[in-house]
1. Take the Cβ-Cβ distance between A:L97 and A:F60 as r, set R0 to 56 Å, and report the resulting FRET efficiency rounded to the nearest 0.05.
2. Would you mind giving the three semi-axes, in whole Å and largest first, of the ellipsoid equivalent to the protein assembly as shown according to its Cα gyration tensor?
3. With the crude spin-label approximation of a point 7 Å out along Cα→Cβ, what separation in nm comes out for B:K94 versus A:S22?
4. Just to confirm the filter: which GluC sites (Glu not before Pro) across segment B:62-92 are DSSP coil and have at most 15 other Cβ within 10 angstrom of their Cβ?
5. In debye, nearest 20, what is the charge dipole magnitude of the protein assembly as shown about its Cα centre with +1 on Lys and Arg Cβ and -1 on Asp and Glu Cβ, if you could check?
6. Toward the positive end of the charge dipole of the protein assembly as shown, about the Cα centre and with charges on Cβ (Lys, Arg +1; Asp, Glu -1), which of B:S154, B:H31, B:N88 goes farthest?
7. Do the sum for chain A: with -39,500 (n - 2.57) for every DSSP H run of n ≥ 4, divided by all residues, what is the mean residue ellipticity at 222 nm, to the nearest 500 deg cm²/dmol?
8. Once you put a point 7 Å from the Cα of B:T76 and another 7 Å from the Cα of B:E5, both along the Cβ direction, what distance in nm separates them?
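All of the numbers you see were taken from the coordinates with simple rules; none came from a lab. For clarity, every value in this text was computed on a predicted model and none was experimentally measured. All Cβ positions, glycine included, derive from the backbone under ideal geometry; neighbour counts span all protein chains shown.
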Amino acid sequence: MNTDYREMMLRALEGTLDPAESDALEAALARDAALCGEWKNLERLQARLTEGRAQSFNPFFAARVTQRIHTRQRENLTEGLMWIFKPLVSAVAVVALFIALNNWNERASIDEEASVLEAVFAVEPVSLDAAYAMEQ
Amino acid sequence: MNMTEQQATDRLWIARAKEGDERAFRELVEHYESQIAATVVGMLGRGDEADDVGQETFIRFYESLEKFRGEAAVGTYLTRIAINLSLNAIERRKRMRWRFWSRDDEDNAPVEPGFDGRDARATLENGEEVHAALQELKPDFRAVVVLRMLEGYSTKETAELLDIAEGTVLSRLSRGVKQLQGIFKNEVDAT
């Protein structure tokens, strides 16, 4: 029985008892001092919790939220670009390797003395002989 | 401002925020900060973690603005996000503590950080006392107590927010209340 009244008291706090339940609870509180004590304790606890309820976060909360939204948007943009370009990286690497090998082959047939870097990147030789050759 | 006026204002703020009006979204944040602070600080206690979860609540809302149809009140929608993020944060805390806990000490399983004892309690303000006492409740009970007694949601609304039966809300509330009364009683006895 007391369990029912406890449940009724919890519902009385939120104001959802119908008139018949309300009357029954009131009568029970009038005749049972222990139950009445419980009800007072419950009201005290409710008041204490309401009074101690947090009202805000740390200062400048709204400004910090909007700042973080901006940061998140920038990060999302970067991630989006990464997502788009990541698959292209391996394709670009294959093409670059192909061009390098091609340069190497062609250079080898033109100038046997070209260094590896000059050959791979198809850079004009910078030796004195090459410079004289370019002058002529 | 009554409920209908508030809903109309919310709709206006949301429409403007969707069009990229940052000030409108800020107005929303400022308006609902206290409600979300009550939920998150009630669940996690004061500190950087609560502040972080509070920010994340509004960011999630901002990111879902396009999907928000207004079926639920903004406050309820935000509270649902806040309570879920808070429960996730509690779960994360628990995992972190277990990770750093020596296997030899399994009998002394870590509990959530709450009050260290009565001496510490005596120096706290009522708000801090309330939040520290709430930290001693199990997260499931705490969520019910916070929503019902701090936020003022009805049993039905609390059940919907937490996706549990109304009977479960009442039984968790009853046990949570009993535990809180015990904590505060000890505190009175100690002074």
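1. About 0.60, to the nearest 0.05.
2. Whole-Å semi-axes of the equivalent ellipsoid: 64, 25, 17.
3. 4.0
4. Answer by residue number: B:E66, B:E71.
5. On the way: 40 positive and 57 negative charges, 227 e Å.
Charge dipole, the protein assembly as shown, about its Cα centre: 1100 debye, nearest 20.
6. B:S154
7. Numbers: 6 runs with 109 residues, N = 136.
Counting only the DSSP helices, I get -27000 deg cm²/dmol.
8. Those two pseudo-labels are separated by 2.2 nm.
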